[in-house]
Structure formats: structure tokens, C-alpha cells
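Remarks on the structure that follows.
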């Protein structure tokens, strides 16, 4: 087997890589944001340590499974390690036991990251996970969505209660019921049952809204949004194990659907999405998110600091960033997506017309996820399950996230500069 040729053909996308020995046995499983970059590092760096050098010598074949998010990669990596018990995954822990997420079976269940000797048969357990740092970050994210307890504290609320990260179930029966719902949700999330969890939360939200409990319904809506952002089209690890090409297959299906829905002459292999972020026109920023073959290409994202407007004017800001984008010799997109409605779409079309640029343009408005097309007076409304809508939303969400992060950075810098100039 020619490993150099195999490595050259690896994708630069997120996923899990699998090393096999000459007998076809799995000897190591790892995950990375870029499969190709991570696997290549094993063969480029000669100072890897005794155990890793031995691993590299035994690699005879390399397999991989692409995924769509770090969360998927974490669960898939743990599932593969659990099923195959690769020798080097456990040796690489420097004789320490691997890490697991544990939820105890008690009246008030506790959630924690533990080593195997601390696990009993009655506990809910997920793992093993190779990285303590990554798992702590994951649990922090989960805790912001579904607050939980990680130690017994029967007397008074701890710091986590005051931070909103623990509902203090000991305070009342109502708190306990709410807490147990959180635990049930966390178990579903960690078991790959995200679709069932979201369906259940949506039903709860609708029920609360019908009872005019709007504040509680709004809280669940926020939970749903956070889960959807974290999961990024999350799927059960078993789906990836039974269909290793799942990500590519989904991307291809979405692109085919997009071509059909928008009546495009060919599949849009490169999609660019643009968004604006500002606070009353101040520290305004723009972003360009790039998707190639239906998958995000973060290294090609671009950010713009708005130069010519200091008052709220999304139309002129869109005009500015599109004009600046086409002054650069970046690869030409097959489709442009604008975050906004008919007005933003018309501005984008005018920029392209002025530059004699022929590229299909659409806009997507957040409120009802309506899709505006140049040749149609009324917007399209596609079902949530529609693959074309999913892809358009994914590009919009990435552009929005990127623009907002840059806007927040500029605001933070301005605030810092003000504080520096303020006399003591």
C-alpha cells in the first residue's frame, strides 16, 4: 500500500481517521478538523516520541470518515474506540485510564468527566474520550444549554447556581422536576438522539406558547437554537459507521436539490454568502462565507470593516462589501447568497450589473426563511426538511456568525481603547 499516495488523497475536512496494521487490524483512531493535515503530521515530524514513532512504523493502511462538526467527530471517535479497542489509543494515555462522561443513577443525578474505575454498572456512561481538554469544553457547552449539577450540595446554592449553570434541584420539587428533564435531554444529546430531542423541545415550546407562558417558551426556543448551532446537522455515529461517505452524499444531494429549486444551469460548486453586522451603524462589519462542493471552507472566509457608512444602512453596506469583493482576484462563485430580503437582493444585483458580472444571486430573510429570486416577485417558502433550504441556511448562518464575531471584536477594541484613555 502506497501511504504517500493515500495521504495525498485525504480530504482537508473534519472527520475521523483510522490507522490499520498489515493484518487489517485497527491500531489507532483519531479525529481532526482537517484529516489530511493531521495525518500528514505523523509522517512529517520525526520527534513524535517513542510510542507514536512505533505507531507510525506499524501503519499499513489509512481509512477515514468525514463528518460535519466537531461534536460528531467526538462521538464517532469514541464509538470507534469502544467497538475496536485500538491498542495505541490506550497506550497513548501514558498508562492513565481513558475518560468517560458519567451521569449517576441517583435521585439527583450528577454529571461529570471521570476515569473508568469510578464507573458503576448503573451509571449512564459515554466514552472513552482521548482528550480531557476537549471533553471539558464539550461539557461546558452542554451545560450552557442544559444546566446540571456535578457535585452534591444540599445546603446552599453554589457559584454555578448563581451563574445559571445549575438549577439547584434541592431547592424545591419544581426545581427537581426541571432538573430531571435537563438530565434526560443531556442523555439524548450524548446518545445521538438529537432529532428526537429537538422534536420534543419544539412540542414543549408550542404547548407553553398555547398556554401563554411566553417567557418559558422563549427559553426553550433559545435552547433549540443553541443545540442546532452546536450540532450543525448532527447525526448518530452509527450512521457514519454504516455509511462512511454520508457527508459527501448529503452534500451532493443538497447541491442537486439547490440546482433544481433555483433552476440553475449547473450545480453551484462554489457558493459565497454575504452578511452585515453592526450596532446602530457603529463598528459595522461584513463577511463572506465560502462553501465548495456543499461544504464550508473556513480558510477562504473573508471579513470586511465597513469604511463608508457610520449610520445604519444595510443596503449601502452590502453594496460596499460586494464591490470590494469583486475587486479581488478570488475564485468566481457559481452562486451568491445575501442575508436579507428583496431590497438587499436588488442592491446585490445592481452591483453585479454595474461590473458586468453574470452570477446567479438569491437572498434569504431570517424571519420566515423566505428565499428571494431575481426573476420572481414572490419569495419561495421551502419546508425545513428541504435539502436546498438546509444548504442555503447553512451558508447564511456561517456568514452571520463570522460577521458577528468580527463586529464584537471591533467593539471590544473600541471599549478597550476608551478605558485606556480614561484618567484614573
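Before moving on, here are some points about what is shown:
- Relative contact order [Cα under 8 Å, 6+ residues apart], region 99-231, whole percent: 18 percent
- The modelled label-to-label distance between residue 408 and residue 359, using points 7 Å beyond Cα along the C-beta direction, is 2.8 nm.
- Based on Cα contacts under 8 Å between residues 6+ apart, the chain shows a relative contact order of 10 percent.
- With 0.36 nm allotted per residue and the present C-alpha distance subtracted, the residue 57-residue 326 stretch has 92.0 nm of extension available.
- With R₀ set to 25 Å, the beta-carbon distance separating residue 203 from residue 228 gives a calculated FRET efficiency near 0.95.
- Note on the chain: GNM, Cα springs under 10 Å; of 196, 291, 214, the largest mean-square fluctuation is that of 214.
- The label-point distance for residue 44 and residue 158, in a model that sets each label 7 Å from Cα toward Cβ, rounds to 4.3 nm.
- Annotation: region 1-98 has a Kirkwood hydrodynamic radius of 13.7 angstrom, from the mean reciprocal C-alpha pair distance.
- Relative contact order %, region 1-115, counting alpha carbon pairs below 8 Å whose residues are six or more apart: 27 percent
- FRET efficiency for residue 368 and residue 8, using Cβ-Cβ distance with R0 set to 60 Å, rounded to 0.05: 0.85
- Computed log10 I(q)/I(0) for region 259-415 at 0.16, 0.18 Å⁻¹: -0.86, -1.09, from the Debye equation with unit scatterers placed on every C-alpha and solvent omitted.
- Scattering profile of region 99-231 at q = 0.12, 0.19, 0.22 Å⁻¹ [log10 I(q)/I(0), Debye over alpha-carbon scatterers]: -0.49, -1.21, -1.50
- Given their separation in residues at 0.36 nm each and the Cα-Cα distance between them, residue 150 and residue 177 gain 8.0 nm when the chain is fully extended.
- Averaging 1/r across all pairs of distinct Cα atoms in the chain and inverting the result yields a Kirkwood radius of 24.5 Å.
- Choice from 191, 172, 350 with maximal GNM fluctuation in the chain (Cα, 10 Å cutoff): 172
- The residue 90 and residue 69 beta-carbon pair, evaluated with R₀ = 41 Å, returns a calculated FRET efficiency of approximately 0.95.
- Length gained on full extension, residue 37 to residue 120, computed as 0.36 nm times the residue gap minus the Cα-Cα distance: 26.0 nm.
- Cα shape, region 216-332, gyration tensor, a/c 1.5 rule: oblate
- Each label point was placed 7 Å from the Cα along the Cα-to-Cβ direction; for residue 384 and residue 252 their separation is 2.8 nm.
- When the convex hull of its Cα atoms is viewed from all sides, region 341-403 shows a mean projected area of 4.8 nm².
Just so you know, all these numbers are worked out from the coordinates, no wet-lab data involved. What you are looking at is a predicted structure, and each value in this text was computed from that prediction instead of being measured. With ideal geometry, Cβ positions are generated from the backbone for all residues, glycine too; neighbour counts draw on all protein chains shown.
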